[in-house]
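Working notes for the structure below.
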Ligand SMILES: Nc1nc2c(ncn2[C@@H]2O[C@H](COP(=O)(O)OP(=O)(O)OP(=O)(O)O)[C@@H](O)[C@H]2O)c(=O)[nH]1
Ligand SMILES: [Mg+2]
């Protein structure tokens, strides 16, 4: 899909050289793919590939044959697939060589095509070419790497929606509305004697108010977008023996952490990923927090405190079957001071079904009664955690979300410019056009139309080699 529309900046020159890289991960597998892109891709492969049926390499077919070394020795048996420009990922000629998947074959085939004139691709260079050649915009390019790195189905759906253009479409609507407003305002500047009719002024203002509302709607997706993409961290804290490791195992649905009746069982951090409402959550079980003489335990407690401070949420576990102690109270005070949302978990409710949170926990913290042993209350706890992350009405991953900090920052800048403009609407039109230009620039930085080259470099450099 072509999305660039009215580009605000001339595209950089099309790259001339032909690049090559291994597109599959290192290690052993059924196949390993060496990919080439550029004007000489087919010619380079023709020099090293020998078709088993002696057919000329051409588009649209898969060819079986051998890759031979310069002295004619067979290196690997392969399938070759040619995609001619512009019907390819990069819009250039692309050739994929399917080798046997091991370091030996893929490296030998890569070395050979490099000797025959290809250059080793930099990280993300195939996708960068797709962007520079106008096949995809920057939002879609970034969604490609999000697809590769997606850890949950919801994360993959969010990335796929953006790769398909869902977020881009919203941004182009904003850009077009801002560009139209700018045209109106500049007409007013060009013909200063002719006051803009009130009607035009009114519809301009209303249009910009709608644009601002739409920007704010998109900004409201940023937290969910970040969570689907990056995930969250949650730590389990509490006194020794309250059942933290049991709860960790129950949420993981696996016996990962050691559970014993001995207080001080867990020493090190134990981390595993669980999924809550489509969000990958790195759950950390920690050493029970208490004043301890034991050196190993003390170190564990220190590490636990640090991990908890870096969490997006803390599950503060208490043993409901015994009276809360002053240690619980002190710990609660410490955890609430972290300014991280805390969920109070009253565990072992199978032993004490009527237990309630002690009066001193009377804060805004959510409270859940669970039994890590029987599983009672776990769905409610997971629901509370989901609400804590995504709110009561979760945003669907399919709608094209703002997922990255740089997208959010640019959109905030655009919204601030439109807000400023609306606040000063009755002042001279020159000022309006300055704000409109700034908003357009900021929106264009998200889609790639006005993104400075240095930032583009950084974005693509974070991709993997071969993509
Ligand atoms: N009845 C009952 N026992 C539980 C429950 N959860 C944990 N236990 C028991 O409580 C004891 C301590 O459990 P752990 O999960 O090791 O507790 P912990 O908080 O990780 O302890 P430390 O690692 O020492 O800090 C074990 O004997 C568990 O079987 C529960 O929901 N109900
Ligand atoms: Mg433990």
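Bear in mind that the values in this text are calculations on the coordinates, not laboratory data. Since this is a predicted model, take the numbers as computed values, not measurements. FYI the Cβ positions are ideal-geometry reconstructions off the backbone, even for glycines, and counts take in every protein chain you see.
The table that follows gives values for the structure above.
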| item | result |
| --- | --- |
| Part-to-part distance (alpha-carbon centres) for segment 123-152 and segment 429-467, which is given in Å | 15 |
| Interatomic Cα distance distribution for segment 19-137, bins of 10 angstrom, percent | 15, 48, 32, 5, 0 |
| Ratio Rg/Rh, restricted to segment 97-180 and using Cα atoms, in which Rh is the Kirkwood radius | 1.15 |
| Angstrom value of the Kirkwood radius, inverse mean 1/r, which spans all Cα pairs in segment 48-203 | 20.0 |
| Pairwise label distance in nanometres, residue 201 with residue 329, each label 7 Å out on the Cα-Cβ vector | 6.5 |
| For segment 307-439, alpha-carbon Rg over 2.2 N^0.38 Å | 1.63 |
| Estimated [θ] at 222 nm from DSSP helical runs (n ≥ 4, -39500 (n - 2.57)) normalised by residues in the chain, nearest 500 | -13500 deg cm²/dmol |
| Relative contact order of segment 229-390, defined on C-alpha pairs under 8 angstrom at six or more residues apart (%) | 23 |
| Normalised contact order of segment 323-467, rounded percent, pairs of Cα under 8 Å and 6 or more residues apart | 14 |
| Three principal axis lengths of segment 229-390 [C-alpha, angstrom, descending] | 41, 34, 31 |
| Computed over the chain: relative contact order in percent, which uses C-alpha pairs under 8 Å that are six or more apart | 17 |
| Extension reserve of the residue 119-residue 216 stretch, reckoned as 0.36 nm per residue once the Cα distance is removed | 30.5 nm |
| Rg [Å, one decimal], Dmax [Å, integer] - the chain, C-alpha atoms | 28.9, 87 |
